[in-house]
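Heads up, the thing below is written out as structure tokens.
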Amino acid sequence: MPQKQLVSIVIPTLNEEKNLGRVIKEIRKFFESRRDLRYEIIVVDGHSTDRTVEIARRLGCKVLFDELGKGSALRKGMKAARGSIVVTMDADLSHRAIELGMLIEAIKAGYDVAMGSRFIQGGGTEDMPWYRKLGNKFFVWLVNLIWGTKYSDLCYGYRSFNRRVLKALLPKLTCNGFGIETEISIKAAKLRLKTLEIPSFEKSRYSGKGKLKTLKDGWSILCCIIKEVFSER
């Protein structure tokens, strides 16, 4: 009998005790329906002061720690991943576990990176105010103009990767904050990776407040784009 393919789920966390258990249960439910797959969940925690780490460990997750930000946490989690397919997702229940199937199948079909998009047919969001939509639209326009890409969404963390490709991609990533998704999209274009956008519907955060700060993190994303213009990597 052939060995089941291993999928690694990487989840950055910071004080998500009311959300994380539900996220993990949804992930487990998805994989119960996929007898051809095995999975591991890697939680990279930003030193939470609540019960996030306790819950992650109790539910069988591998727990790592990172104090720098979302981008740094994702890089650390992806480096530790053992699966041939690596998926990144948020801990606030905004990403639907049922969509894991599309992200996984895209990699199995031969794509290097699959990116969830809220702005193609079948996608959507109930957790994005108009000013963030406008900012995302501007960043998408700018990146597409500079690098000749056809992205529809940049600032969204529900993605999947071929682990072989991550070995080439990870050393080139430097962003420690919320600009990591934009940096990944740009570096994928520079490396001429085979990418695919998958329709994704973003739900509202289940509990607590989001960590993204519109002006601060928007500026960080813009700085990331400008940096990439002058970077050869």
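Observations on the model:
- Count of residues meeting criterion [open to solvent by 50 Å² or more (accessible area, probe 1.4 Å) and modelled with pLDDT under 95] in region 61-90: 2
- Matching option when the condition is outside any loop (DSSP other than H, G, I, E, B), within 24 Å of Gly46 (Cα to Cα) and small (Gly, Ala, Ser), among Ser204, Ser160: Ser160
- For Ser160: the one exception among (1) under 24 Å from Asn19 (Cα atoms); (2) touching an Asp or Glu at 6+ places or on another chain (Cβ under 8 Å); (3) modelled with pLDDT of 95 or more: (2)
- Of everything in region 24-48 that is among the hydrophobic types (A, V, I, L, M, F, W, C) and out of contact with any Asp or Glu (no Cβ under 7 Å at 6 or more places or on another chain), the residue that is nearest to Ser84 (Cα to Cα) is Leu37.
- For region 119-152, filtered to residues that are out of contact with any helix residue (DSSP H, G or I) (no Cβ under 7 Å at 6 or more places or on another chain) and buried (at least 17 other Cβ atoms within 10 Å of the Cβ), the residue that is farthest from Gly218 (Cα to Cα) is Gly123.
- Hey, Gly116 at pLDDT 95 or above, in a helix (DSSP H, G or I) and open to solvent by less than 30 Å² (accessible area, probe 1.4 Å) or not: no
- Scanning region 28-72 for residues that are free of Cβ contacts under 8 Å to residues at least 60 places away in the same chain, among the aliphatic types (A, V, I, L, M), outside any strand (DSSP E or B) and farther than 16 Å from Asp92 by Cα yields one hit, Leu59.
For every residue, the table says whether it meets (1) surrounded by fewer than 16 Cβ atoms within 10 Å (Cβ to Cβ); (2) more than 18 Å from the chain's Cα centre (by Cα); (3) among the charged types (D, E, K, R).
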{"site": "Lys4", "(1), (2), (3)": "yes, yes, yes"}
{"site": "Ile11", "(1), (2), (3)": "no, no, no"}
{"site": "Glu17", "(1), (2), (3)": "no, yes, yes"}
{"site": "Lys25", "(1), (2), (3)": "yes, yes, yes"}
{"site": "Ser33", "(1), (2), (3)": "yes, yes, no"}
{"site": "Asp36", "(1), (2), (3)": "yes, yes, yes"}
{"site": "Asp45", "(1), (2), (3)": "no, no, yes"}
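- Filtered residue count, region 182-202, keeping only those that are basic (Lys, Arg), open to solvent by 30 Å² or more (accessible area, probe 1.4 Å) and farther than 18 Å from Ser84 by Cβ: 2
- Every test in (1) outside any loop (DSSP other than H, G, I, E, B); (2) in contact with a Phe, Trp or Tyr (Cβ under 6 Å, 6 or more places away or on another chain); (3) closer than 26 Å to Ala168 by Cβ is passed by Met102 save one, and that test is (2).
- Candidate set from region 163-181 (those that are buried (at least 20 other Cβ atoms within 10 Å of the Cβ) and in a loop (DSSP other than H, G, I, E, B)); member that is modelled with the highest pLDDT: Cys175
The values are calculated or read from the model by the stated rules, or taken from the named source; none is laboratory data. None of these values were measured; they are calculated from a predicted model. Glycine also receives a Cβ, built like all others from the backbone with ideal geometry; neighbour counts cover every protein chain displayed. The accessibility values were calculated without ligands, DNA or RNA, using every heavy atom of the protein model including side chains. Shrake-Rupley method; radii C 1.70, N 1.55, O 1.52, S 1.80 Å.
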